[in-house]
1. Name the residue, out of I108, I65, that is surrounded by 14 or more Cβ atoms within 10 Å (Cβ to Cβ), assigned to a helix (DSSP H, G or I) and touching a helix residue (DSSP H, G or I) at 6+ places or on another chain (Cβ under 6 Å).
2. Looking at the range 31-50, which of its residues are in contact with an Asp or Glu (Cβ under 8 Å, 6 or more places away or on another chain) and assigned to a loop (DSSP other than H, G, I, E, B)?
3. Being crowded, with 17+ Cβ neighbours inside 10 Å and either in a helix (DSSP H, G or I) or modelled with pLDDT under 95 (or both) is the filter here, so list the residues in the range 74-93 that pass it.
4. Of everything in the range 45-66, what is β-branched (V, I, T), without any contact (Cβ under 8 Å) to a residue 60 or more places away in the chain and closer than 21 Å to E129 by Cβ? Give them in sequence order.
5. Is it the case that G28 is in contact with a Pro (Cβ under 9 Å, 6 or more places away or on another chain) and part of a helix (DSSP H, G or I)?
6. Test V111 against the stated conditions and say whether it is among the aliphatic types (A, V, I, L, M) and over 13 Å from the mean Cα position of the chain (by Cα).
7. Inside the range 81-105, can you point out the residues that are in contact with a helix residue (DSSP H, G or I) (Cβ under 8 Å, 6 or more places away or on another chain) and of a type in the set (S, T, Y)?
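The values are calculated or read from the model by the stated rules, or taken from the named source; none is laboratory data. Quick caveat, the model's predicted, so the values are computed rather than measured. Here the Cβ positions follow ideal geometry from the backbone for every residue, glycine too, while neighbour counts run over all protein chains shown.
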Amino acid sequence: MAPNTGKPSPVTDTADLSGDGLTIATVGHGDISVLTVCGSIDLLTVPQLTTSVEDALSAQPAGLIIDLTYTDFLSSVGMSALVQAQDAVGKARRFAVVADGPSTSRPIKLVGLDRSLALYATMDAALAEMTAPELPEHEGRATA
């Protein structure tokens, strides 16, 4: 069961993993995989997140979003797992983290990971960016 964070529970297609203190649901949005994480990400639960990332990437999605909207605690090892997930996704695919609030985005920003992770406050914003067509190298840039 998701922790009571004052936010509505996420609607998901499948719940892949659940355990003490952490539930991870995987949902496909077109060719983007979304992992919605409910609970606390700490030393005991980060292996579940790592396994979920590996499972999601084994399907070869065009991108991966880790949604921390329903996460009530993000430890330093959890932040390391986000960096490792970004590395596992690689440069050929898109990666984003949805986090907003004192339990998730604040620690990410405090340690400066917001400069290396694509961080979004809402799932809608992350999906819009992830599903937007990429502009060719010469388009969308100001010329001098």
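1. Every option except I108 fails the conditions.
2. Matches in the range 31-50: L44, T45.
3. Passing the criteria: G78, M79, A81, L82, A85, Q86, V89, R93.
4. V53, I66
5. no
6. yes
7. The answer is S105, and nothing else.
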